[in-house]
Amino acid sequence: MSRTAALHAISTEIPSRPARAAHAGPATIAEISSGLLAERAATSPKYLYDSLGSKLFEAICELPEYYPTRTEASIFEQYGGEIAQAVGTGSTLIDLGAGNCAKAASLFPLLHPAQYVPVDISRDFLTEAVHGLQQRFPHIEMTALGLDFSRSFHLPASVRPARRVFFYPGSSIGNFAPHEAISFLRRMRANEQGDGGLLIGVDLIKDGAVLDAAYDDAIGVTAAFNLNMLRHLNHLIGADFDVTQWRHRAFFNAEESRVEMHLEAREALVVGWQGYERHFGRGERIHTEDSYKYTRRGFIDLLQEAGFAATRTWTDDAEWFAVIHAKAIGD
């Protein structure tokens, strides 16, 4: 039976229940429903980032256990001059998953972009961040794009075509499985216009205990971030998730070279939305995020398969994290 047919069968076999208002469009509701009704329930990590989720992630970045943000920042601080020389100035800097725009803004004095294009799925959070940034850097043209770039990526005419440099920090590329990362990077390559490049942060493989702690901190901020997604789903698809019935789980899967995040049912329960219903047994999980970790050589090979050649790589002294500048092959 196809996934579509299965969804239809489930929706028509259950009794009707009061529906909550859904605020997402049909395509988003269908995508989320498909994941929740799969044999192993899952959601896209992009749904972690509503306005509150974005603020909680900001808090995660300040935690002592969460090394990626400060380690990447130390690389930019130590090698900023070299990075600026490799990337060049006067570019159209396209910041993917920009969040509060702080990482890109820290590079403005080095890169001197002609145009800054922050892109994020959380439109309201992005708008607020860009408003403050424009007051600090009035000489830089800014074009904020609130969109889901994980699905498709077509830049509007308002984005300058010359010297497009895609900035993708924070190891967010790890949220894609390797084959998905290649497809994503190829879409980026198609928008690159031949004279720009890519500046990307990559989390490297390290001790599993370090990784486990980074995604399951002692005071529970990451747990709140993960659980908040249920509240977001309630808003998007009109679901009736009770956050108190779920717990956060995160661990490093060495075989797959990824950290996995899940939400685990504390008890047997039923969730309903838009004519659908899903029974969860005690201990059953919703897989909410993967964060793949790479060797330096492994990620450079992945870049090459996607049509990019690494020109420079910078790491911290412990080689926990890498920042890579790449150009499209043939440029």
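Things to note:
- Residue in segment 177-229 that is farthest from residue 111 (Cα to Cα), counting only those that are of a type in the set (Gly, Ala, Ser) and crowded, with 20+ Cβ neighbours inside 10 Å: 223
- Of all residues in segment 300-317, those satisfying the criterion of being touching a residue at least 24 places away in the same chain (Cβ under 8 Å) and either assigned to a strand (DSSP E or B) or within 16 Å of residue 171 (Cβ to Cβ) (or both) are 300, 302, 303, 308, 311, 312, 314, 315, 316.
- Flag if residue 72 is under 15 Å from residue 170 (Cα atoms) and not in a helix (DSSP H, G or I): no
- The residue that is farthest from residue 20 (Cα to Cα), among those in segment 288-299 that are in contact (Cβ under 8 Å) with a residue 24 or more places away in the chain and touching a Pro at 6+ places or on another chain (Cβ under 9 Å), is 294.
- Restricting attention to segment 113-143, the residues that are of a type outside the set (Asp, Glu), touching a residue at least 40 places away in the same chain (Cβ under 8 Å) and within 30 Å of residue 233 (Cβ to Cβ) add up to 4.
- Residue in segment 55-62 that is out of contact with any helix residue (DSSP H, G or I) (no Cβ under 8 Å at 6 or more places or on another chain) and not acidic (Asp, Glu) present: no
Here is a yes/no grid of residues against (1) within 27 Å of residue 48 (Cβ to Cβ); (2) under 15 Å from the mean Cα position of the chain (by Cα):
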| position | (1), (2) |
| --- | --- |
| 113 | no, no |
| 123 | yes, yes |
| 129 | yes, no |
| 135 | no, no |
| 146 | yes, yes |
| 154 | yes, no |
| 165 | yes, no |
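- Enumeration of residues in segment 39-63 that are in contact (Cβ under 8 Å) with a residue 12 or more places away in the chain and assigned to a loop (DSSP other than H, G, I, E, B): 40, 41, 43, 44, 49, 50, 63
- Condition check for residue 297: surrounded by 14 or more Cβ atoms within 10 Å (Cβ to Cβ) and either over 18 Å from the mean Cα position of the chain (by Cα) or not in a strand (DSSP E or B) (or both): no
We did not get these values from a lab; they are worked out from the coordinates using the rules stated. Keep in mind the model is a prediction, meaning the values are calculated, not measured. Glycine also receives a Cβ, built like all others from the backbone with ideal geometry; neighbour counts cover every protein chain displayed.
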